[in-house]
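Values quoted throughout were computed directly from the atomic coordinates according to the rules given, and no laboratory measurement underlies them. Keep in mind the model is a prediction, meaning the values are calculated, not measured. Every residue, glycine among them, receives a Cβ derived from its backbone with ideal geometry; neighbour counts consider all protein chains shown.
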2 protein chains.
Amino acid sequence: MRKSNEKGDNMNGNSCTLVIFGGTGDLTHRKLIPALYNLEHDSNLSENFAVVTIGRRDYTDQEYREELKQSTKSFSRFSLNESTWEKLQNRLYYKKLDFTNKDNYCELNNYLLTIDNLHQTGSNRIYYLAVAPEYFANIVDSLRSDCMKVPHAFERVVIEKPFGRDLESATFLNNKIVNAFTEANTYRIDHYLGKEMLQNIMVIRFANIFFEPLWNNKYIEQVQISSNETIGVETRGEYYEKSGAIRDMLQSHMFQLLSLITMEKPNDLSPTSIRDEKVKVLKELKNKNVVRGQYEGYRQEKRVADDSNTETFVALKVEVDNQRWKGVPFYIRTGKKMPKKSTEIVIKFNKSDNLLYDSTHLSDNLLVIKVQPMEGVFFQFNAKKPGTQHKIIPVQMDFCQNCQVGINSPEAYERLLFDVMRGDQTLFARWDEVEYSWKFVDHIIEKWIKEEPHFPNYKTGTWGPIEADELLTEDNHEWINLEGDL
Amino acid sequence: MRKSNEKGDNMNGNSCTLVIFGGTGDLTHRKLIPALYNLEHDSNLSENFAVVTIGRRDYTDQEYREELKQSTKSFSRFSLNESTWEKLQNRLYYKKLDFTNKDNYCELNNYLLTIDNLHQTGSNRIYYLAVAPEYFANIVDSLRSDCMKVPHAFERVVIEKPFGRDLESATFLNNKIVNAFTEANTYRIDHYLGKEMLQNIMVIRFANIFFEPLWNNKYIEQVQISSNETIGVETRGEYYEKSGAIRDMLQSHMFQLLSLITMEKPNDLSPTSIRDEKVKVLKELKNKNVVRGQYEGYRQEKRVADDSNTETFVALKVEVDNQRWKGVPFYIRTGKKMPKKSTEIVIKFNKSDNLLYDSTHLSDNLLVIKVQPMEGVFFQFNAKKPGTQHKIIPVQMDFCQNCQVGINSPEAYERLLFDVMRGDQTLFARWDEVEYSWKFVDHIIEKWIKEEPHFPNYKTGTWGPIEADELLTEDNHEWINLEGDL
């Protein structure tokens with residue numbers, strides 16, 4: 001699919017040691033190790049590959065492997081096969097270390113050299129920062145210590161989100177990284193980019209002739225991008241209080257969806273060309289109106305302040321100020337405690353006054369890209385109702401990728417880890433993407449700080465505050481909430 | 001759907017007596033009476049409605065009704081309900097009469113007046129000619145005799161196909177009709193026009209914004225229109241010997257499909273505007289190459305000549321010589337003893353050289369309109385193959401109208417009879433449509449007569465003679481034979 005990677009496809013990943021900071025954390029247990037198991041299952045790992053996880057607790061390798069085996073059983077998309085697991089666990093190591101102390105990195109490097117040697121990884125390293133964000137800068141700093149210098153073909157760093165909490169902190173972190181790694185070796189995770197349907201957006205747009213001619217303000221009336229959850233903040237109160245919906249979802253995931261939908265056709269399939277086009281759109285974003293919300297009961301959640309002004313919902317209207325999109329509103333929303341869990345992009349086409357039939361009797365022409373939990377493409381158009389009467393009804397065509405029996409889509413992390421090993425940056429955020437999205441979001445947050453919100457302002461199980469509806473009714477539009485599994 | 005008919009929808013058909021010539025024939029038994037039963041079932045018949053069928057055999061009304069009850073049981077799309085049948089049969093009459101003798105029409109009219117009176121039909125009449133085509137002119141002549149003149153709101157004639165066997169005979173028949181009825185009262189049956197998906201073509205094209213922008217030579221590479229049967233000539237040898245595939249299928253059904261696909265948007269939904277546009281396309285048709293075929297064993301069929309040169313297969317390439325379609329080949333084929341029974345229109349889009357992905361690895365963008373036996377729309381496009389590899393695969397979206405449980409599409413004849421009663425001519429062929437299609441077909445037949453064909457030239461269960469493939473390979477194209485139920 002991407003020309004730049006065609007070689008990589010046959011290499012089963014490059015030789016390397018994957019060093020995971022945060023070996024005992026949730027991400028490692030639920031996502032990273034199961035993803036590695038899936039890659040092992042599909043023979044996508046190099047023979048010259050090892051994993052070292054770093055944590056502060058006491059474990060023998062054997063104890064640690066046993067614990068991860070249980071996690072893999074629970075979270076892998078395959079049922080656990082003993083011999084596959086053996087193959088993975090034989091190159092899976094636990095290293096107890098206080099990674100906040102720079103002095104410990106000589107010891108770490110000596111340990112890694114043993115592993116590198118044992119598995120003939122060429123001392124290539126991937127450092128995966130699966131720790132709380134406050135440690136990011138510190139670890140990156142330590143990684144550039146003289147102790148860590150070894151000859152190698154590559155040395156990459158993977159930074160989990162959030163990448164900063166505003167433009168200032170993101171810039172600070174990025175400067176730390178720039179001191180230690182080149183941009184080409186920096187992989188900023190936005191796991192949404194690893195999702196099947198996000199990767200599919202470019203293919204659908206640019207590998208078919210019949211979408212692109214319609215993909216502009218002449219034919220598209222509006223676009224709605226929603227990512228909603230039914231759950232609340234659950235056990236993540238501490239993290240969420242510092243983040244809120246705008247940092248947790250909008251700055252990262254939602255803007256990635258938006259840029260994939262709106263970007264111009266890149267010159268080629270190289271990561272640089274693709275990310276160049278994505279950044280262009282972020283630069284052209286014009287903010288119109290923003291609505292924030294907090295569900296009833298949020299302030300009573302664990303580790304949440306009694307008077308918290310953290311938003312659990314955000315909806316906004318943006319425009320992309322270029323020739324293709326001038327005048328097309330993009331409505332974006334994300335919230336917790338919504339009536340339905342789903343991430344989807346709804347493209348609503350114009351009702352042309354040039355149609356033969358009375359448009360007041362016609363339903364909308366819709367193209368819906370379903371990201372999760374359902375994956376697929378859904379198409380609504382008008383057809384004749386079967387029968388002797390002259391009725392027109394909306395009919396649907398549905399390509400449901402994960403409805404097909406036997407389809408077991410790879411997890412986002414599986415794809416992303418594979419790409420780090422192959423050195424493909426396409427599905428990772430480049431610094432300027434992060435930079436421009438923080439600029440946009442900072443501007444909104446600055447205004448919010450000056451105004452006390454009337455929180456809570458929506459009931460759980462509703463589509464957010466009334467103002468979110470008004471945002472669209474002002475334009476004579478409304479949110480399109482698809483029913484059922486559509 | 002059609003503005004001109006909105007009133008008609010609420011009228012349950014207009015008051016009238018339907019006079020069927022050929023009361024004991026197959027069409028009446030298998031199609032017309034079951035269609036009337038279905039209309040009765042759906043309360044689509046006026047209270048002031050009666051049916052008189054005319055035949056030469058001896059029947060009492062009661063005997064005749066009993067026989068038709070059995071036919072209706074077999075051929076109605078509903079299971080027979082006694083009280084519904086009662087309601088229909090109480091206004092169903094049999095009249096023994098030699099309709100070839102003009103002198104008998106005074107007697108006929110007197111009989112009809114009694115029925116008109118009994119059922120208060122306002123002496124409105126529909127004359128349905130469900131007899132062999134050689135009787136058409138004769139009956140129409142007799143219908144204009146003084147005896148038949150009665151005051152009424154309307155008097156319509158329905159002519160079954162074939163409407164002539166060439167331009168000359170069609171013109172002769174039409175002149176007879178013109179002497180007796182206005183064009184507005186003449187309903188030339190092409191039962192394909194009554195099929196759900198043919199009616200749907202206009203709705204799909206002109207009630208949606210996203211098809212029409214792609215509906216031209218910029219985006220469409222070629223169109224294939226196929227109507228294939230697996231059966232041979234069966235018991236219809238006598239009829240078929242005089243007709244062949246070109247008269248039986250091409251001149252009528254296939255050209256209707258072609259004109260609905262290619263027509264420009266009519267000014268409005270009036271029958272006149274629609275038929276004006278359909279005729280324009282027929283005038284712009286340019287014939288390129290034609291291939292005829294006859295299956296092995298045809299000459300051994302019952303009532304077929306040992307040295308028959310009747311074609312059971314025809315394939316041709318035509319172009320529509322206007323701005324929209326210049327350069328787009330339309331490949332049309334119809335045949336008996338083919339591998340699959342299906343009528344479908346395959347629209348194949350260009351492989352743009354402007355795509356981001358290497359077009360040699362991409363499948364075709366297809367839009368398929370399935371007419372029968374499956375009814376629906378099928379859409380093929382390229383998407384990312386789920387997985388960590390960079391693969392693009394074709395995926396399908398399918399709107400299958402008659403796959404849905406509980407959908408029981410009306411029969412073509414049900415729709416057409418209903419429309420005659422309502423006075424809606426949209427789904428009937430106007431004289432100039434017939435005229436131009438005969439002109440086109442006559443031209444082909446003239447050439448055929450001069451050249452002895454090498455018949456038989458295809459095996460049963462194949463896609464016709466090798467020349468039918470060559471017709472497309474010349475253009476570097478090939479027939480698209482969809483698999484399975486697609």
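Once the label point is placed 7 Å from Cα along Cβ, list for A:Q300 the distances to the corresponding points in the other copies, in nm, shortest first.
8.7
Report the paramagnetic label zone for B:H443: residues of the range B:148-187 whose backbone N is under 19 Å from a point 7 Å from Cα along the Cα-to-Cβ axis.
Only B:165-171 fall inside the zone, counting backbone N under 19 Å.
Please work out the FRET efficiency for the pair A:D58 and A:K341, using the Cβ-Cβ distance as r and a Förster radius of 45 Å; give the result to the nearest 0.05.
0.70
Quick one: angle between helix B:167-180 and the longest Cα principal axis of chain B, in degrees between 0 and 90, rounded to 10, please.
40
Provide an ascending nm list, one decimal, of label-point separations from A:Y239 to the equivalent residue in each further copy; define each label point as 7 Å from Cα along Cα→Cβ.
Values, ascending and in nm: 7.3.
Normalised by the empirical 2.2 N^0.38 Å for globular proteins, what value does the Cα Rg of the protein assembly as shown take?
1.19
With only Lys, Arg, Asp and Glu charged, each at its Cβ (+1 for the first two, -1 for the last two), find how big the charge dipole of the protein assembly as shown is about the Cα centre; round to the nearest 20 debye.
Here the protein assembly as shown has a charge dipole of around 160 debye.
How large is the helix-only mean residue ellipticity at 222 nm for the protein assembly as shown, computed as the sum of -39500 (n - 2.57) over DSSP H runs with n ≥ 4, divided by its residue count, in deg cm²/dmol to the nearest 500?
Value at 222 nm, helices only, nearest 500: -9500 deg cm²/dmol.
So, by mean Cβ neighbours within 10 angstrom, what's the order for A:131-140, A:148-157 with the highest one leading?
Per-residue mean Cβ counts within 10 Å order the peptides as A:131-140, A:148-157.
In peptide A:38-45, how many Cβ atoms from other protein chains are near each Cβ within 10 Å, on average? Spell out each step's value before the answer.
On the way: counts 1, 1, 0, 0, 3, 0, 3, 0.
Across the residues of A:38-45, the mean count of other-chain Cβ atoms within 10 Å is 1.
Over the range B:282-340, consider all pairs of different Cα atoms and compute the Kirkwood hydrodynamic radius from their mean reciprocal separation; express it in Å, one decimal. List each step's numbers first, then the result.
Details: mean 1/r = 0.0745 Å⁻¹.
Result for the range B:282-340, one decimal place: 13.4 Å.
Apply the a/c threshold of 1.5 to the C-alpha gyration tensor of the range A:125-277 and tell me whether it is rounded, prolate or oblate.
It is oblate, given that a/c is not under 1.5 and a/b is not larger than b/c.
Can you list, by residue number, the Cys in chain A that have no neighbouring cysteine C-beta under 4.7 Å?
For chain A, the answer is A:C16, because their Cβ atoms have no other cysteine Cβ under 4.7 Å.
B:K280: which aspartates and glutamates have alpha carbons under 16 Å from its alpha carbon, excluding same-chain residues fewer than 8 sequence positions away?
Those aspartates and glutamates meeting the cut-off are B:E264, B:D268, B:E319, B:D321, B:D432, B:E433, B:E435.
Of all the residues in chain A, which one has the C-beta that comes nearest the axis relating A to B, and what is the distance in Å?
A:M397, 2
Once you charge only the Cβ atoms, +1 for Lys and Arg and -1 for Asp and Glu, what is the size of the charge dipole of the range B:16-188 about its Cα centre, to the nearest 20 debye?
The dipole of the range B:16-188 has a size of about 240 debye.
Can you give the mean number of other chain Cβ atoms that lie within 10 Å of the Cβ atoms in peptide A:389-399?
6
Which of the listed residues, A:I115, A:L356, A:P162, is farthest toward the dipole's positive end in chain A, when Lys, Arg count +1 and Asp, Glu count -1 at the beta-carbon?
With unit charges placed on the Cβ atoms, the residue in question is A:L356.
When a/c is below 1.5 the answer is rounded, else prolate if a/b is larger than b/c, else oblate, so apply that to chain B with a ≥ b ≥ c taken from the square roots of the Cα gyration tensor eigenvalues.
In terms of gyration-tensor shape, prolate.
Rounded, prolate or oblate: pick one for the range A:359-479, where a ≥ b ≥ c are the square roots of the eigenvalues of its C-alpha gyration tensor, a/c under 1.5 means rounded, and failing that, prolate if a/b is larger than b/c, else oblate.
oblate
State the percent of C-alpha pairs, over all pairs in the range A:16-188, separated by a distance greater than 25 angstrom.
30
What is the calculated FRET efficiency for B:H454 to B:E183, with r their C-beta to C-beta distance and R₀ = 45 Å, to the nearest 0.05?
Numbers: r = 43 Å, r/R0 = 0.95.
The formula returns an efficiency of 0.55 here.
Put a label point 7 Å from Cα along the Cβ direction on B:D103, then list its distances to the equivalent points in the other copies in nm, shortest first.
Relative to the other copies, B:D103 has label-point distances of 13.1 nm.
Order A:422-433, B:413-424 from most to least packed using the mean count of other Cβ atoms within 10 Å.
B:413-424, A:422-433
Relative to the longest principal axis of the C-alpha atoms of chain A, give the angle of the C-alpha long axis of helix A:431-450, reported between 0 and 90° and rounded to the nearest 10°.
Helix A:431-450 sits roughly 60 degrees off the main axis of chain A.
Straight-line reach from A:K96: which lysines have Cα under 21 Å away, leaving out those fewer than 8 places along the same chain?
Hits, sequence-local ones excluded: A:K31, A:K69, A:K149.
Once you put a point 7 Å from the Cα of B:S145 and another 7 Å from the Cα of B:E470, both along the Cβ direction, what distance in nm separates them?
5.6
How long is the gain from A:D98 to A:E483 if the chain were fully straight, where each residue apart is worth 0.36 nm and the alpha carbon distance is subtracted?
Once the chain is fully extended between A:D98 and A:E483, it gains 133.6 nm.
What nm distance separates the two modelled labels at A:E134 and B:F172, each placed 7 Å from Cα along Cα→Cβ?
The answer from the label model is 10.1 nm.
What percent does the relative contact order of chain A come to when contacts are Cα pairs within less than 8 Å and at least six residues apart? Walk me through the numbers on the way to the answer.
Working: 876 pairs, mean separation 81.5, N = 486.
Relative contact order here is 17 percent.
Along the Cα→Cβ direction, 7 angstrom out, place labels at A:Q396 and B:H361. What is the inter-label distance in nm?
For A:Q396 paired with B:H361, the spin-label model returns 3.3 nm.
Past 29 Å, Cα to Cα, is the threshold; run A:K286/B:K218; B:K218/B:K384; B:K87/B:K278 against it and keep the listed order.
Too far apart for the 29 Å limit: A:K286/B:K218; B:K87/B:K278.
State, as an integer percentage, the relative contact order of the range A:16-188 based on alpha-carbon contacts under 8 Å between residues 6 or more apart.
Details: 268 pairs, mean separation 45.0, N = 173.
Normalised by residue count, the contact order of the range A:16-188 is 26 percent.
Compute the signed sum of charges (Lys and Arg +1, Asp and Glu -1) over the other residues within less than 10 Å, Cβ to Cβ, of B:W448. Show your work: numbers first, answer last.
Working: positive: B:R292, B:K447, B:K450; negative: B:E311, B:E446, B:E451, B:E452.
Local charge sum for B:W448: -1.
For chain A, find the longest principal axis of its Cα atoms and tell me its angle to the long axis of helix A:412-422, 0 to 90°, nearest 10.
Value to nearest ten degrees: 50.
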